[in-house]
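*Asks:* So that we are looking at the same thing, I have put the structure below in structure tokens.
The values are calculated or read from the model by the stated rules, or taken from the named source; none is laboratory data. Predicted, not measured: the structure shown is a model, and the values here were computed from it. Positions of Cβ are generated from backbone atoms using ideal geometry, with glycine treated the same way; all protein chains shown enter the neighbour counts. Protein only, heavy atoms only, side chains kept; ligands, DNA and RNA dropped before computing areas. Shrake-Rupley method; radii C 1.70, N 1.55, O 1.52, S 1.80 Å.
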Amino acid sequence: MSALPKVSRPLLRDEAYERIRHAIIDGSFPPGTPLRDADLAEQLGLSRAPVRQALLRLAEDRLVVSKPQSYTRVADFVADDVRDAVRLVRALHELAVREALPRLGAPQIAAMREANERFRAAVETGDAAAAIEADDELHDIPVQACGNRAVAATLDRYTPLLRRLEYARFSSLPAHRSVTRHEELITALETGDGAAAAALTATIWTDLETLLEDP
């Protein structure tokens, strides 16, 4: 099991959750990895209580599976769970771009373009972590602009199921095509074409379903 950095921030339960979740998403803890609260607590420099709380939350997110008095481990990929998450995430991003449209100004459009350039560069060098981080930043701009906290909170819960699959199968991603679609999405938002922006958003997220077809 890969080592985790020590926690220094005061919100220990939330920080433990974020650290362990990221290790699951990026594949540092692959499917089936045993998650022992004592080991994790030692790595993070915490007591076991916040780690246990974090693991319970990760089980609710379907990133961890647990059987009382038996095991706690990283969940396997479940195609139906990921497919459901793709469809929910797609619908929420469509809603976000529609609601964000009147609130997006030149700074947000410029930030999306800058994120797409970083995405392009990361794809060209095969840097999965940088590509996924830039992609998250790009799509988060309309989410934040729309001002719908329920949308943001739901995306934060379900997007990790998709990002985990992307890390695992990064070489299969239609990433170069995504660069172009990002550009088209940004142009649609810049010109105020809400229907085109929503349609492009749907296409971008639908592409992730193709990863479920890979062995």
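*Asks:* Name the residues in region 145-155 that are closer than 16 Å to Glu94 by Cβ and in a helix (DSSP H, G or I), would you?
*Replies:* Of everything in region 145-155, those that are closer than 16 Å to Glu94 by Cβ and in a helix (DSSP H, G or I) turn out to be Ala145, Cys146, Ala150, Val151, Ala152, Thr154, Leu155.
Quick grid of which residues meet (1) in contact with an Asp or Glu (Cβ under 6 Å, 6 or more places away or on another chain); (2) closer than 22 Å to Asp156 by Cβ; (3) at pLDDT below 90:
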{"position": "Pro31", "(1), (2), (3)": "yes, yes, no"}
{"position": "Leu40", "(1), (2), (3)": "no, yes, no"}
{"position": "Val51", "(1), (2), (3)": "yes, yes, no"}
{"position": "Ala59", "(1), (2), (3)": "no, yes, no"}
{"position": "Ser70", "(1), (2), (3)": "no, no, yes"}
{"position": "Ala75", "(1), (2), (3)": "no, yes, no"}
{"position": "Leu88", "(1), (2), (3)": "no, yes, no"}
{"position": "Glu94", "(1), (2), (3)": "no, yes, no"}
{"position": "Glu99", "(1), (2), (3)": "no, yes, no"}
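Matching residues to (1) open to solvent by 40 Å² or more (accessible area, probe 1.4 Å); (2) in contact with a Cys (Cβ under 8 Å, 6 or more places away or on another chain); (3) farther than 25 Å from Thr125 by Cβ; (4) part of a helix (DSSP H, G or I):
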| residue | (1), (2), (3), (4) |
| --- | --- |
| Arg157 | yes, no, yes, yes |
| Leu162 | no, no, no, yes |
| Ser171 | yes, no, no, yes |
| Arg181 | yes, no, no, yes |
| Leu185 | no, no, no, yes |
| Ala188 | no, no, yes, yes |
| Ala196 | no, no, yes, yes |
| Ala202 | no, no, yes, yes |
| Asp207 | no, no, no, yes |
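*Asks:* Can you tell me which residues in region 120-135 are under 19 Å from His22 (Cβ atoms) and assigned to a helix (DSSP H, G or I)?
*Replies:* Ala122, Ala128, Ala129, Ala130, Ala131, Ile132, Glu133, Ala134, Asp135
*Asks:* Looking only at region 68-119, how many residues end up being farther than 19 Å from His139 by Cβ, open to solvent by less than 60 Å² (accessible area, probe 1.4 Å) and not charged (D, E, K, R)?
*Replies:* 4
*Asks:* Shifting gears a bit: Of the residues Pro50, Pro31, only one is open to solvent by less than 80 Å² (accessible area, probe 1.4 Å), outside any loop (DSSP other than H, G, I, E, B), without any contact (Cβ under 8 Å) to a residue 60 or more places away in the chain and not hydrophobic (A, V, I, L, M, F, W, C); which? Can you show your working first?
*Replies:* Values: Pro31 fails: outside any loop (DSSP other than H, G, I, E, B).
Exactly one of Pro50, Pro31 is open to solvent by less than 80 Å² (accessible area, probe 1.4 Å), outside any loop (DSSP other than H, G, I, E, B), without any contact (Cβ under 8 Å) to a residue 60 or more places away in the chain and not hydrophobic (A, V, I, L, M, F, W, C), namely Pro50.
*Asks:* With the structure loaded, tell me whether Leu56 is surrounded by fewer than 16 Cβ atoms within 10 Å (Cβ to Cβ) and under 13 Å from Val74 (Cα atoms) or whether it fails that test.
*Replies:* Yes.
*Asks:* Okay, next question. Return the total of residues in region 55-76 being touching a residue at least 24 places away in the same chain (Cβ under 8 Å) and of a type outside the set (S, T, N, Q).
*Replies:* 12
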